[in-house]
1. Taking only the alpha-carbon atoms of the chain, what semi-axes of the equivalent ellipsoid follow from 5 times the gyration tensor eigenvalues under a square root, in whole Å, largest first?
2. Rounded to the nearest Å, what's the spacing between the alpha carbon centres of the range 272-321 and the range 12-62? Just the number, please.
3. State which helices in the chain qualify, where a helix is a whole DSSP H run, it must extend 30 Å or more along its own axis by its Cα atoms, and its mean Kyte-Doolittle hydropathy must be at least 0.5.
4. Given the options F53, F307, F149, which has the most mean-square fluctuation in a GNM of the chain, springs set between C-alpha atoms less than 10 angstrom apart?
5. Report, ordered by chain and residue number, the lysines lying within cross-link reach of K287, taken as a straight Cα distance under 19 Å and ignoring same-chain residues fewer than 8 apart.
6. Once you keep just the Cα pairs under 8 angstrom separated by 6 or more residues, what percentage relative contact order results for the chain?
7. Return the single residue from V151, V259, V272 with maximal mean-square fluctuation; model: Gaussian network over the chain, springs between Cα atoms under 10 Å.
8. Would you please name the GluC sites (Glu not before Pro) within the range 88-132 that are DSSP coil residues with at most 10 other C-beta atoms within 10 Å of their C-beta?
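Since every read-out is calculated from the coordinates, none of them should be taken as a lab result. Keep in mind that what you see is a predicted model, and the values were worked out from it rather than measured. For neighbour counting, all protein chains shown are included, and Cβ atoms are generated from backbone atoms with ideal geometry for every residue, glycine included.
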Amino acid sequence: EEWLGDGSLIQPVLRALPHNPTTEMDLALWRLSQQLKAEGAEPSADHPGVRAFLDRYGHRGVREIDVGMPRWRDEPEQVLNTLRTYLTQGDETDAEAHFRQGAAEAERAAAALVARVRREKGFLRAALMRFMLSRVRALAGTREYPKFFAVRMFALFRRVLGAIGQDLVAAGRLDRAEDIYFLWFRDWQGSEGDTEPRDPRDPGGPVGRRDSGAPAERRDLRALAAANRAEYQRELGRRSIPRVLTSEGEAFYGAPVTVAGALVGTAASPGVHEGRVRVIRDPKGTKLEQGEVLVAPGTDPAWTPLFLTAGALVMEIGGIMSHGSVVAREYGIPAVVGIPDATRRLRDGQRVRVDGESGLVIPID
């Protein structure tokens, strides 16, 4: 921006970044679909290729930073359904060819930037620009690794808690092992007074123990879990999520409309695409046909296999640095985010124009 007056010129360079574990995951799933197609096999959790994929990526899942949410390893149906979708696609959706094309376009964009800097700013700055862009291409994709490994740890925590839940079921204190995810540690560790963790080397402390002995008074874990689960289900029913919350508690749900009938959001990935809407609130058990506009409340890495066939992305929440926005730019598909109630205001099959440069979603039916 300082040298050329336009910071957006960097965006084409960020397409198809190597060493991104989420992109590598998507490509691995695509290659697995091609293996199944060559074998004439149906997607199954028992297939060796599917097992190998889940061994590597099974710790991922929808809303994966929530330890209580199932992982792909627990419920592989989303992976299997994505594979079934890929099996119906033709050669025009070859994900690896698309990635190679995106990488080639990014390299050409980088070379064009260097040439322009050379013309306008001289040889030395052009050499510096070439070096910096090479580092961006080599290293920017690794930004996904901290979360990738953090989610592996969350999956481990989930497995440990699940075992504790089974112990509490065996002890007659819970009806289902998964109810453990609706309890605080202090609810089931030690007596009611044990609310603070202690040194795990202290045999009298709650940390490091499962349900400890028989305290004088025991909490009714069934009732606590039921109440917390009911509150969770009620919160899941919220469909209107504020776009902005101020420190005074004011909530702003939308932005002024500048085009009649248009939905206004934040321009998150450049480009314009016209296609039919597919509203998806949960990626499990869903299909997205080639070129359809993915309309979602928000996305995380569990959604990215759908990006291979999406023509554009529309989200109710998020900004230009949210997960869906970043991935959409890397995949080169237009995206508009931060549109309140998009999953209710748009309907399946409706034709829309998604303008990722102006931040507008315009119905054209």
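1. Equivalent ellipsoid of the chain: 42, 25, 24 Å, largest first.
2. With the range 272-321 and the range 12-62 each reduced to a Cα centre, they are spaced 18 Å.
3. Helix filter hits for the chain: 145-170.
4. F149
5. Candidates past the 8-residue exclusion: K37.
6. Result for the chain is 17 percent.
7. Maximum fluctuation in the GNM of the chain, among the listed residues, is at V259.
8. Within the range 88-132, no GluC sites (Glu not before Pro) qualify (loop, at most 10 other Cβ atoms within 10 Å).
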